Amino acid sequence: MSTREPAAGSVIEGAAIEDFEWADADLAEAGFVDCVIEDAQFSNTILEGARFTRCRLLRARFAHADLRDAVFEDCVFVEAGEHVGAAFAFSQLDHARFARCDLSFSKIDRSSLYDVALEDCNLRGAVFHRADFSRNFGRNLVRASARFLRCNFHLTDLTEARLPGCDFTGSHFRETDLSNADLEGANFTDADLFGAIFAGAKLAGADLRGAEVSGLDITILASHAGLKIDVNQQYPLLTALGVDVTVKREG
């Protein structure tokens with residue numbers, strides 16, 4: 001059953017939601033389908049378990065918002081031609097899911113994103129500042145978890161991000177700034193890393209098999225022991241080091 005007034009557990013379909021006070025609202029488990037929401041201030045808003053499908057959330061601002069287990073499918077967070085996306089500050093996005101969403105130019109600032117999952121999303125020009133993808137499971141046990149599958153990170157700022165063991169399968173990192181990021185054990189299989197900035201990054205144990213690695217200089221990495229590559233990748237990596245690779249021809 002669809003209603004026109006947002007409330008916890010309610011479902012709104014095909015509406016342009018205006019003049020609603022989002023701040024401090026309890027909208028847990030609410031559903032929004034084909035809705036337009038512009039310039040909304042989600043301050044201290046509870047959206048735990050909420051679901052947004054084919055919605056336009058233009059210039060949305062999430063501050064101290066609870067988005068745990070929220071799901072966004074086919075949603076747009078930026079107006080075409082604009083460079084102002086959504087802003088998430090001091091918010092909880094643990095276990096949140098984004099599928100086929102345009103999050104270009106979003107700013108994710110000091111928010112928790114443990115076990116967040118993004119699939120086929122556009123993150124062009126997004127900025128992650130002190131985003132926390134980890135969870136403490138004990139005095140000496142901290143684990144990071146995140147999945148970014150087939151996402152576009154063109155011009156994204158991920159400097160100093162701590163994403164060890166996380167999954168970036170099939171994603172594109174052209175001109176992405178990964179300086180000083182902790183990516184040890186991360187999965188970059190079939191990713192496009194051409195032009196990515198890895199100065200000071202930790203890549204020990206990372207899986208780069210099938211990835212585009214042309215131009216990657218492993219000497220600028222903070223760690224690379226146990227880096228996994230396939231036989232075809234050894235040539236561009238060695239060439240980037242200035243090694244003249246010659247294939248011996250039989251006969």
Open item on the list: If I ask for residues that are in contact with a Leu (Cβ under 7 Å, 6 or more places away or on another chain) and of a type in the set (A, V, I, L, M), which ones from the range 41-75 would you list?
Closed with: Ile46, Leu47, Ala50, Ala65, Leu67, Ala70
Open item on the list: Looking only at residues that are over 18 Å from the mean Cα position of the chain (by Cα) and not in a loop (DSSP other than H, G, I, E, B) in the range 42-57, which one is surrounded by the most Cβ atoms within 10 Å (Cβ to Cβ)?
Closed with: Phe42
Open item on the list: Just to verify a result, which residue in the range 192-240, among those that are outside any loop (DSSP other than H, G, I, E, B) and charged (D, E, K, R), is nearest to Gly165 (Cα to Cα)?
Closed with: Asp207
Open item on the list: For the range 165-175, check the following and say yes or no: at least one residue is of a type outside the set (Gly, Ala, Ser), on the phi > 0 side of the Ramachandran plot and part of a loop (DSSP other than H, G, I, E, B).
Closed with: yes
Open item on the list: I'd like to check something: does the range 148-156 contain any residue that is over 20 Å from Val84 (Cβ atoms), open to solvent by 20 Å² or more (accessible area, probe 1.4 Å) and within 11 Å of the chain's Cα centre (by Cα)?
Closed with: yes
TODO: Take the residues in the range 204-233 that are among the hydroxyl-bearing types (Ser, Thr, Tyr) and farther than 17 Å from Gly185 by Cβ, then tell me which one is surrounded by the most Cβ atoms within 10 Å (Cβ to Cβ).
DONE: Ser214
Task: Complete set of residues in the range 69-90 that are more than 15 Å from the chain's Cα centre (by Cα), farther than 20 Å from Asp34 by Cβ and crowded, with 17+ Cβ neighbours inside 10 Å - done: Asp69
- [ ] Could you please let me know if His129 is of a type outside the set (S, T, N, Q), open to solvent by 30 Å² or more (accessible area, probe 1.4 Å) and under 21 Å from Ser214 (Cα atoms)?
- [x] no
- [ ] Considering every residue within the range 43-52, establish whether at least one is over 15 Å from Leu93 (Cα atoms) and of a type in the set (Lys, Arg).
- [x] no
Task: Unmet criterion (only one of (1) within 24 Å of Leu123 (Cβ to Cβ); (2) modelled with pLDDT under 95; (3) not aromatic (Phe, Trp, Tyr)) for Ala240 - done: (1)
TODO: Return yes when Arg135 is at pLDDT below 95, more than 21 Å from Asp74 (Cβ to Cβ), open to solvent by 50 Å² or more (accessible area, probe 1.4 Å) and touching a His at 6+ places or on another chain (Cβ under 7 Å) and no when it is not.
DONE: no
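The values are calculated or read from the model by the stated rules, or taken from the named source; none is laboratory data. Quick caveat, the model's predicted, so the values are computed rather than measured. Virtual Cβ from ideal backbone geometry, glycine too; neighbours counted across all protein chains shown. Just so you know, the surface numbers come from the protein's heavy atoms only, side chains and all, with ligands and any DNA or RNA stripped out. Shrake-Rupley method; radii C 1.70, N 1.55, O 1.52, S 1.80 Å.
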